[in-house]
């Protein structure tokens, strides 16, 4: 039997790119099996080609595929450099990689697995768009025969908020007002400040008894950066204080959607809106 190849797991026809807190990203996974009478699949390899656009505020941004080769809107080009640079997928002579591997061994293995995460970083106020098309091909390197091929797209759009704020001042049971404001930083984390008013004597100066929990739009808790935030700044007069408490939500997570704040026995829900 001559060498054959077939895809055993394919991306959907359209991969929806999602904002991950720092980048608009479309992740996909592909797997394939080769077969041959002699039990070795050394001549079976995968190739990946790409065309399309990375857009920021409607303007195309170049993506360098290899050397002087820039991504084209219309023409499929190989997605990376072949050996010896080895930034393209599927070449057996390149070093093994968890996201670009043959098993049980790279030189002759009959199973191929790859993962890709095309992405576009965004900054506050920008509208990002991915519109990419991929072509995956299984080939016989000895005869140059195409054994199988498949195409799919990665598409998505997202406008990065300049800031997130509480919709209004939230009143505690004591009549004190609490507000929140968060700004996206260059690393994709959300640096926030919780502002609340209290009467002098309610708490020892500089140690507000506050517990903050952040949730995304699906209700999942978000992780905080333990090495940042926690600074307390107070201002006011002899009878009343306004306290600013800083915090930072760690990068690489969905955008915060609401905060739950524990303060002096109250649990205060603070919805966040984009500004």
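The values are calculated or read from the model by the stated rules, or taken from the named source; none is laboratory data. Just so we're clear, the structure is a prediction, and the values are computed from it rather than from any experiment. Every residue, glycine among them, receives a Cβ derived from its backbone with ideal geometry; neighbour counts consider all protein chains shown.
The residues on offer are 93, 146, and the sole one that is at pLDDT 95 or above and either assigned to a strand (DSSP E or B) or crowded, with 18+ Cβ neighbours inside 10 Å (or both) is 146. If residue 62 satisfies every condition in (1) part of a loop (DSSP other than H, G, I, E, B); (2) in contact with a strand residue (DSSP E or B) (Cβ under 8 Å, 6 or more places away or on another chain); (3) more than 30 Å from residue 251 (Cβ to Cβ) but one, which is the exception? Failed condition: (3). Annotation note: of 40, 8, the sole residue that is surrounded by fewer than 18 Cβ atoms within 10 Å (Cβ to Cβ) and modelled with pLDDT under 95 is 40.
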